[in-house]
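Remarks on the structure that follows.
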Amino acid sequence: MPDHGRVNRPEWQALWLQYEAVTTPLRAAGLVCDIETCGGETVIYVNLPDGTHLVIADDHSLPDRLADVTGWRIVRSHEDNPNFDGLLYDSTAEGEHAQLAAEVRSMLAAIALYLRDLRDADTVAAGQALGESLLEPRQCWCVINHPVTEQQRAELNEAITYARRIGDAAALPLLLARLTGPCPARA
């Protein structure tokens, strides 16, 4: 998880859960991701090992729900060097990849290909790891395990009861999402 004060806020946690299908594969490839909400706009911010970062958004800002994304616009930037600023991928209505719309796997594949073409060894390695993970057959990209047996459901219900009893506001939304939330992953 990112290390800042917003991670305990319910609105940030809700966004984090909504966009796990995007952030989990990136994090599994060794990249640091965060959901940034600034000036009324929400974006996914991905730090790259070479000191640059990716900003992932929709036309302008990400909606509150992954299902409402209409397309992806990804820009690579650097805080101090505008030479790195540039559009990496655009599947919004007017973008070069508009036919792919909001497909998560296509967007992640584009990031993997882009990172593998960079010269920084750690960034290339992250791109290779991301690309390889996209080849693995998966039904779900969640980092949270959805219960599939009655025993798992019972254990999860016990954990929810305990979290409510001790007032664990950080764990409760995640536990409830595991129990009732649909997997946000899309093919």
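The values are calculated or read from the model by the stated rules, or taken from the named source; none is laboratory data. All values reported here derive from a predicted model rather than from experimental measurement. Virtual Cβ from ideal backbone geometry, glycine too; neighbours counted across all protein chains shown.
Among residues that are modelled with pLDDT of 75 or more and among the β-branched types (Val, Ile, Thr), Thr161 is included. So in segment 121-139, with the set limited to residues that are of a type outside the set (Ser, Thr, Tyr) and surrounded by 15 or more Cβ atoms within 10 Å (Cβ to Cβ), which one is modelled with the lowest pLDDT? Per the criteria, the residue is Leu134.
Against the test of being modelled with pLDDT under 90 and part of a loop (DSSP other than H, G, I, E, B), the options Pro63, Pro49 yield a single qualifying residue, Pro49. Being among the hydrophobic types (A, V, I, L, M, F, W, C) and more than 21 Å from Gln13 (Cα to Cα) is the requirement here; does Leu48 meet it? Taking the combined requirement at face value, the residue satisfies it. Thr70 fulfils the conditions (1) part of a loop (DSSP other than H, G, I, E, B); (2) more than 16 Å from the chain's Cα centre (by Cα) except for a single criterion, (2). Candidates are the residues of segment 1-46 that are among the charged types (D, E, K, R) and part of a loop (DSSP other than H, G, I, E, B); the one that is nearest to the chain's Cα centre (by Cα) is Asp3.
Of all the residues in segment 88-111, those that are crowded, with 16+ Cβ neighbours inside 10 Å and without any contact (Cβ under 8 Å) to a residue 40 or more places away in the chain number 12. Quick check: anything in segment 76-83 modelled with pLDDT of 80 or more, in a loop (DSSP other than H, G, I, E, B) and either at negative phi or not small (Gly, Ala, Ser) (or both)? Yes.
Contact map, segment 11-36: first residue more than 16 Å from Ile74 (Cβ to Cβ), second residue in a helix (DSSP H, G or I) and of a type in the set (Ser, Thr, Tyr), Cβ cut-off under 7 Å, separation 6 or more or different chains; pairs are Ala28/Ser133.
Evaluation of Leu172 against the conditions (1) under 26 Å from Val55 (Cα atoms); (2) assigned to a helix (DSSP H, G or I); (3) at pLDDT below 80; (4) among the aliphatic types (A, V, I, L, M) shows that the sole unmet condition is (1). Would you mind stating whether Ser91 is among the hydroxyl-bearing types (Ser, Thr, Tyr), under 16 Å from the mean Cα position of the chain (by Cα) and at pLDDT 90 or above? Against the criterion (among the hydroxyl-bearing types (Ser, Thr, Tyr), under 16 Å from the mean Cα position of the chain (by Cα) and at pLDDT 90 or above), Ser91 does not qualify.
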